[in-house]
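Q: Have a look at this one.
The values are calculated or read from the model by the stated rules, or taken from the named source; none is laboratory data. These numbers were taken from a predicted model, which means no experiment stands behind them. Quick reminder, even Gly has a Cβ in these numbers, built from the backbone with ideal geometry, and neighbours come from all protein chains shown. We work out accessible area using only protein heavy atoms, side chains counted, and drop any ligands, DNA or RNA first. Shrake-Rupley method; radii C 1.70, N 1.55, O 1.52, S 1.80 Å.
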Amino acid sequence: MPRNKEPQSKEAITQVTNHRALALLSQCQQYVDQVFRQSSICSIDSSTRHAAACENKKRKRASPFAYGSDRQFSEHLAHPTTPTQELLPMLNGELRHHQLNGVRWLISLYSSGRNGILSDELEADRQTQVVGFLAYLKSKGSSGPFLIASSGSSLSSWSSELQRLLPGVVVHTYSPSAGGREVLQHLCTPPAGDGTSVTPAVILVSHETFASARRQLLHHSFKHIVVDASGKEGSLGKLLAGLHGQTLPSVLLLTSENPAHSQPLEGLWPLLHLVLPDVWSAVQSAVTDMTELCDKAPSTDTAAASAKEHVIGQVKDLVDRFVLSRRADEVDISQPRRNTEINLYDYFANIDA
């Protein structure tokens, strides 16, 4: 009996090492490289960002300037327009450097027609970057409507952040009642074409309502959909299931941790479908077949276990290419905090004394 098992084991190893999934994943990596070369998707190096943040934390905030103590006060008088105002003229506030980088990344994804995953530990940063991105779309003439699906406990914070940073926007929390459907229909109906400007509308909806009424919701032509899955990373499959098979212009997933690193293989398929809808089905079929072969191999077969780990790592790498991940310790604190008010007259208070 052992003599019969040895050829079978060698044959299984040969099937694993020569499996089509390896060649397919290699082709997908080349395809993604080509996508990034031909598109405007910007890349933010996490190691460089972390080193800069650590350096900024060592500095003391010796002046009240919005840009830190590196610039002279005369530069602020000569150049009153800030980077935030240049990129987001309709935003009622100033963004920190890392938040502005996040908005630029979201803009590059949108301009390239790609979906992405914004993974940020700080809830305030996630919301601020999304609102900044919506402010950019508003400045380019897009009136929406936009859809944000979040947990019920976060809907109020989303509403307040939108109204604070994006004044004039219509924020509506949808409920599946007769009155709620009428309001939704009114906000999502395009103008009659009389030349009047349209006020942008943002529809907020809880995860439960999004799951139960997704057909009615997705019937409307949303310009951008945000799924805030922070704190619910274990239910990503259920949250994204309603988007499968839908023709959507742009989708953004928000998480508090990088799902490409934390999710098992089964949890990676909804993410791969989100970021690479054109190839995910073929990859899932090939990789599933290969991992099943690896599972059938003897427990002492280290080659099969190593091949399985390698192929899962490649799937994670594919998803990770479309993730902007930021930890709390990478945040640049050289700029003022959210509610800090700067009184420039205080800077001259003791000069004439």
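Q: By accessible area of protein heavy atoms, probe 1.4 Å, what ranking do Asp295, Asp125 get, highest first? Present the calculation step by step, with values, prior to reporting the outcome.
A: Numbers: Asp295 95, Asp125 10 Å².
Result of the area sort, largest leading: Asp295, Asp125.
Q: Between His220 and Ser39, what's the calculated FRET efficiency when r is the beta-carbon distance and R0 is 22 Å? Round to 0.05.
A: Numbers: r = 28 Å, r/R0 = 1.25.
Once the sixth-power term is evaluated, E becomes 0.20.
Q: On to the next question. How much length would be gained if the chain were fully extended between Ser112 and Arg181, taking 0.36 nm per residue of separation minus their Cα-Cα distance, in nm to one decimal?
A: Numbers: separation 69, 0.36 × 69 = 24.84 nm, distance 3.24 nm.
Here the answer is 21.6 nm.
Q: Ok, one more. Among Thr302, Leu252, Val171, whose Cα lies farthest out toward the positive end of the dipole of the range 83-328, if unit charges sit on the beta carbon of Lys, Arg (+1) and Asp, Glu (-1)?
A: Projecting each Cα onto the dipole axis, the largest value belongs to Val171.
Q: What is the magnitude of the charge dipole of the range 83-328 about its Cα centre, with +1 placed on the Cβ of each Lys and Arg, -1 on the Cβ of each Asp and Glu, and no other charges, expressed in debye to the nearest 20? Each step should come with its number before you reach the end.
A: Working: 19 positive and 22 negative charges, 117 e Å.
It works out to roughly 560 debye.
Q: Now a separate question. Could you list, in their original order, any pairs among Lys232/Lys296; Lys138/Lys238; Lys140/Lys223 whose Cα atoms are separated by more than 21 Å?
A: Values: Lys232/Lys296 33 Å; Lys138/Lys238 31 Å; Lys140/Lys223 13 Å.
Listed pairs above 21 Å: Lys232/Lys296; Lys138/Lys238.
Q: Charges on Cβ only, +1 for Lys and Arg, -1 for Asp and Glu, centred on the Cα centroid of the range 83-328; of Gly141, His261, Val311, which one is farthest towards the dipole's positive end?
A: Gly141
Q: Hey, how many Å between the Cα centroid of the range 270-306 and the Cα centroid of the range 113-139?
A: If you average the Cα positions of each part, the centres end up 32 Å apart.
Q: Rounded, prolate or oblate: which fits the range 148-232, taking a ≥ b ≥ c as square roots of the Cα gyration tensor eigenvalues, rounded meaning a/c under 1.5, else prolate when a/b beats b/c?
A: Numbers: a/c = 2.02, a/b = 1.30, b/c = 1.55.
It comes out oblate by the Cα gyration axes.
Q: Which value, in Å² rounded to 10, gives the accessible area of Glu94 with a 1.4 Å probe and all protein chains present?
A: Here the accessible area works out near 100 Å².
Q: Near Ile107, within a Cβ-to-Cβ distance under 14 Å, what is the net charge of the other residues, with Lys and Arg +1 and Asp and Glu -1?
A: +4
Q: Please calculate the 1.4 Å probe accessible area of Leu22, with all protein chains present, and give it to the nearest 10 Å².
A: Near enough 50 Å² of accessible area.
Q: Which order do Leu122, Leu88 take by accessible area at a 1.4 Å probe, largest first? Mind showing how you got there, number by number?
A: Details: Leu122 60, Leu88 0 Å².
Solvent-accessible surface, decreasing: Leu122, Leu88.
Q: Right, something else. Along the range 133-147, what does the Karplus equation 6.51 cos²θ - 1.76 cosθ + 1.60 (θ = phi - 60°) give for ³J(HN,Hα), rounded to whole Hz, x for Gly and Pro?
A: Going residue by residue, I get 5, 5, 5, 5, 4, 5, 5, 8, x, 7, 9, x, x, 10, 10 Hz, with x marking Gly and Pro.
Q: Right, another one. Could you work out the per residue convex hull volume over the alpha carbons of the range 83-328, in cubic angstrom? Walk me through the numbers on the way to the answer.
A: On the way: hull volume 33.3 nm³, N = 246.
Hull volume over Cα atoms, normalised by residue count, gives 135 Å³.
Q: If you take every residue apart from Lys316 with its C-beta less than 15 Å away from the C-beta of Lys316, what net charge results, scoring Lys and Arg +1 and Asp and Glu -1? Write out the running numbers ahead of the final one.
A: On the way: positive: Lys308, Arg321; negative: Glu233, Glu257, Glu266, Glu309, Asp317, Asp320.
Within the 15 Å Cβ shell, the charges total -4.
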